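The values are calculated or read from the model by the stated rules, or taken from the named source; none is laboratory data. Because the structure is predicted, anything quoted here is derived from the model rather than measured. Here Cβ is always computed from backbone atoms with ideal geometry, including for glycine, and neighbour counts include all displayed protein chains. Accessible surface areas use protein heavy atoms only, side chains included; no ligands, DNA or RNA. Shrake-Rupley method; radii C 1.70, N 1.55, O 1.52, S 1.80 Å.
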Amino acid sequence: MNLKTRFMLLMLALFLVAAGIVWILVRQLSESIVEEWVTRYAEKQVLYDKGRTLQPILTEIALSRQFANSHQLISWARNPEDPDLKRQAIAEMENYRLNFADNSYFVALRESGDYYHNNAANEYADSQYRYSLDPDRPADSWFYKIIKQNRDMHLNVNPDVELGVTKLWIDMLLRDGDEILGVVGTGLDLTHLLNSVVNKDEPGITSLFTDHDGAIQLYRDQSLIDFGSITKASADKTRVDRLFSDDADKRAVQELMRQLVADPGEIKTRFVTIDDRRHLVGLAYIPEIDWYEVTLLDLNKVLPFSHFSGILLSFGLMLLASLIMLHLALNRFVLNPLTQLESGMDEIREGHYPQSLPQTPPNNEVGRLMNHFRHMARAVQSAREELEQKVLNRTEALDRLTKTDALTELLNRRGMQEQLDNQWQLLQRERRRFGLVWLDLDHFKQINDRYGHKAGDQVLLSVAEQLRKLLRGYDYAARWGGDEFLLLIQTDRLDLIEGLSERIRSSVAESSIVYDDSQPPITITLSAGCHLASSSDETLEKALQAADTALYEAKAGGRNRLAVHSPQ
């Protein structure tokens, strides 16, 4: 064997060793890229699921909280035997029933244990009382557990044996100060929630939701849902950790959940084993509903490693082609592009679209990987922007919902209170006076009694439409409650307030509503009380009371007229 042959063999051996080392390094780097990408994808998926889940539930929670703060319910719960208070409370319940997504509600009183309910079919109209709760009956233990825990809100997936339904129940404590008077709320259809939230047709991706104790609340496999979690001990619950094969994974996931409570803005991820397959679990804590969102990604389905085998093989062939060009080839075709790809991943981690990737990547496997990565980054960025826009739109819609009367689409009491506070600040700072007008429909109850509540709703809609036509664009009108309206007029002239109020009064008096062809048209009048708030020494409450006093004078003077508040 000559020297040349030995040298060639030595070079071949060195080449094979170098090729093996490069092969191993490239494989490890590719695995790191895959894991990093999957981790980023899991974080975006968790955020997307979190935003989508909050929309239907948060809307119902906000409405349920408003339901629990109802003055009519609280007054009745204080005096449940008073027939007038009971009638007003049931009317309030039915009004909220029409606004709940499930068109159902429940009210349970602590003192008597009486349970009231009506559903979307209005099946229990005029018989909303269903039964009385019994502390010795296991099926009723949820009620007493909720009161004992003294938490304002609970979410509980549970079948109601008496009513024959299974729902995600939103339970709100009915309070008067610190005293608990009962539990009220509504339910969301479990099947609808499962279909819209967790039953996604995405191969390799599974989403589920657990309560603060890890008990499964929403999952496409209903046999694993822990119904009635609130009445169970922790050891008896169907917890999420039963899905994991390894005890170390169970302990690690429990620790991540504890960490998320302290920092709910983070997303925690971990590789776990489920049914002997490698998965990535993404965890997010949703403090608004005290739940965890859990996303499971099956790596064998979401991103099989076999997709990258061609890249590794190409690197090996390039190394075999020329030992002399090894350094240049690695820098040009491998190391530099992968460095740019890693920089791009860092930019995605920071929430930016990657700018470090070249506009024209090399025409090889790494270049195609860059293109795939760029498409993935664009999709992630687009999904993130879309999610942020959806969250913004839904937040704005929820804000409008809480400030707008559902029937007339005028401001509700909360929306008008905000405008009153703003106007009062202007009066304090700039001496900018404004007018207040109370409007009350005359004998409105007789219309409801004679024609029905739907006819009464048509009357309210007609009055609201006339207010919109007669008021200026910078004045405000609100349905304060029932058949009572409040106007905020931005002017410092009392005669303008009187003239506008008179036009409204006469317009309503001259109008008529044909509700039923077999009945004569409905006519209605209103009484108005006016007041010009002009003194910074006067409180907002006194200004409202002054206009209310004028309204009382108008009604006492025969109705269908207006009165102006006079200090005398």
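Can you figure out the FRET efficiency of residue 261 with residue 431, using R₀ = 56 Å and their beta-carbon distance, to the nearest 0.05? If you can, show how the numbers build up before the last one.
Values: r = 50 Å, r/R0 = 0.90.
FRET efficiency, residue 261 to residue 431: 0.65.
Report the label-to-label distance for residue 471 and residue 241 in nanometres (one decimal), using points 7 Å from each Cα along the Cα→Cβ vector.
5.7
Percent relative contact order of region 391-484, based on C-alpha pairs within less than 8 angstrom and at least six residues apart? Write down the numbers at each step before the final one.
Values: 63 pairs, mean separation 37.4, N = 94.
In percent, rounded to a whole number, it is 40.
What number comes out for accessible area per residue over region 179-298 if the probe is 1.4 Å? Units Å², please.
Per residue, region 179-298 has an accessible area of 40 Å².
Can you give the extra length, in nm with one decimal, that the chain gains between residue 398 and residue 17 once fully stretched, where that is 0.36 nm per residue apart less the Cα-Cα distance?
Taking residue 398 through residue 17 to full extension adds about 130.7 nm, to one decimal.
So, with a 1.4 angstrom probe, what is the percent of accessible area on region 481-532 that is carbon and sulfur? If you can, show how the numbers build up before the last one.
On the way: 990 of 2260 Å².
The value for region 481-532 is 44 percent carbon and sulfur by accessible area.
Note the per residue figure in Å³ for the convex hull of the C-alpha positions in region 405-546.
97
Going down the table (445/555; 237/268; 268/390), which pairs top 25 Å between alpha carbons?
Result: no pair exceeds 25 Å.
Express in Å², to the nearest 10, the accessible area of residue 418 obtained by rolling a 1.4 Å probe over the protein heavy atoms while all chains stay in place.
Roll a 1.4 Å probe over it and residue 418 shows about 70 Å².
In nanometres, what is the gap between the two model label sites at residue 137 and residue 152, each 7 Å from Cα along Cα-to-Cβ?
Inter-label distance under the simple model: 3.1 nm.
Please compute the per residue accessible area over region 406-493 with all protein chains in place, 1.4 Å probe, rounded to a whole number of Å².
50
Just flag the GluC sites (Glu not before Pro) in region 68-155 sitting in loop per DSSP whose Cβ has no more than 12 other Cβ atoms within 10 Å.
Working: sites: 81, 92, 94, 111, 123; in loops: 81, 111, 123.
The qualifying sites are 81, 111, 123.
Solvent-accessible area of residue 212, probe 1.4 Å, all protein chains present, reported in Å² to the nearest ten, please.
90
Given the C-alpha atoms of region 90-168, compute the convex hull and give its volume per residue in Å³.
Expressed per residue, the convex hull around the Cα atoms of region 90-168 is 108 Å³.
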